[in-house]
């Protein structure tokens, strides 16, 4: 079986080329052809020696993921469904804005974390994506959009690992993909413009700080452990105090001087004024050790299996006002692509579940209407 060259960061590709008896600089040329120019035919790569091109034809290939469907929102958002084999498909979303183009990338077929408010989690988990399958989403989207917009300029300026899956539970495939995104011979993205979103895999947050520090977003969604245990089951393994300590440590290597806390606004569950005040207490406690953060409040995108509802807009704004008046940088995420189920929490793809997720979710539906922590800091 020949090697899919999308599986390699530049260092991995250099090792592959050396295995063919070629100089390492050939890997740089090849990497540019693949990622900067979107080439998949070795005969196109005119500055490579013909002998190398012939070797590549028998030892390697560049394989995009088959596109099952493409949907375009009224606001310009585009969602692709990619076939990753064995009955699994994953989704990626491109979000155009005036000053940036953001691609939301999936890291797993499904997700094993099982957050209550996320339709991906309700689908269960099938498998990790490979580095090539992660990168193939960016490779396809970037070069499709260039052709669609008739431009040679880079279209995607930001990548957020916020699609299907928990990126830090697929760490070995994630890091080479991130390195290819950041490499000047690849996509040349800024570390500040590549964001890994995590539900809080504490040991991997520490490893990412050492191996490939990029912007970090943490799915917080609750101000105290009892509630977060129910909304984000991973919290039972890595509770809030451990998580926020890891976030504080990460800032020592991070390209930005803050961590983004994502907070999905759920009607009657985590959206009351007392929850906002508990968040303020929580952050102030860890600010003494150096934590700096901003909050991104996310309007919940309902789906029938969740049993949850979106907080009214007035309540979201009131919640934001409490945080802002306490000096916490707070934004409310603008919902994009919800008419094509491409908004936050809506990516579900098509996954062969191996985790009996519906049984586990049924056991978790115990949230009281307005849970409030018994003790506050």
**OP:** Return the whole-Å distance between the Cα centroid of region 113-141 and the Cα centroid of region 1-80.
**Re:** 22 Å
Subject >> region 3-61: C-alpha gyration tensor shape, a/c 1.5 cut-off, then a/b vs b/c >> reply: rounded
Subject >> Per-peptide average of other Cβ atoms within 10 Å, ordering 17-25, 107-115, 57-65, 176-184 highest first >> reply: 107-115, 176-184, 57-65, 17-25
Original post:
Given the rule -39500 (n - 2.57) for each run of at least 4 DSSP H residues, summed and divided by the residues of the chain, what is its mean residue ellipticity at 222 nm, to the nearest 500 deg cm²/dmol?
Top reply: -10000 deg cm²/dmol
Original post:
What is the chain's relative contact order, in percent, from Cα pairs under 8 angstrom and six or more apart in sequence?
Top reply: 18 percent
**OP:** Which order do the peptides 317-329, 131-143 take when ranked by the mean count of other beta-carbon atoms within 10 Å per residue, highest first?
**Re:** 131-143, 317-329
**OP:** Determine the relative contact order of region 48-92: mean sequence separation of Cα pairs under 8 Å and six or more apart, normalised by residue count, in whole percent.
**Re:** 25 percent
Subject >> region 3-61, relative contact order in percent, only Cα pairs under 8 angstrom and at least six apart counted >> reply: 36 percent
**OP:** Mind pulling the angle between the C-alpha long axis of helix 50-59 and the longest principal axis of the chain? Nearest 10 degrees, somewhere in 0 to 90.
**Re:** 50 degrees
**OP:** Using DSSP, restrict attention to beta bridges with both residues in the chain and report what percent are antiparallel, rounded to the nearest 5.
**Re:** 45 percent
Original post:
Cα axis of helix 131-149 to longest principal axis of the chain: angle in degrees, 0 to 90, nearest 10?
Top reply: 80 degrees
**OP:** Could you tell me what percent of the DSSP beta bridges with both partners in region 229-342 are antiparallel, to the nearest 5?
**Re:** 10 percent
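Every number in this text was worked out from the coordinates using simple rules, so none of it is lab data. Nothing here was measured: the structure is a model prediction, and the numbers come from that model. Quick reminder, even Gly has a Cβ in these numbers, built from the backbone with ideal geometry, and neighbours come from all protein chains shown.
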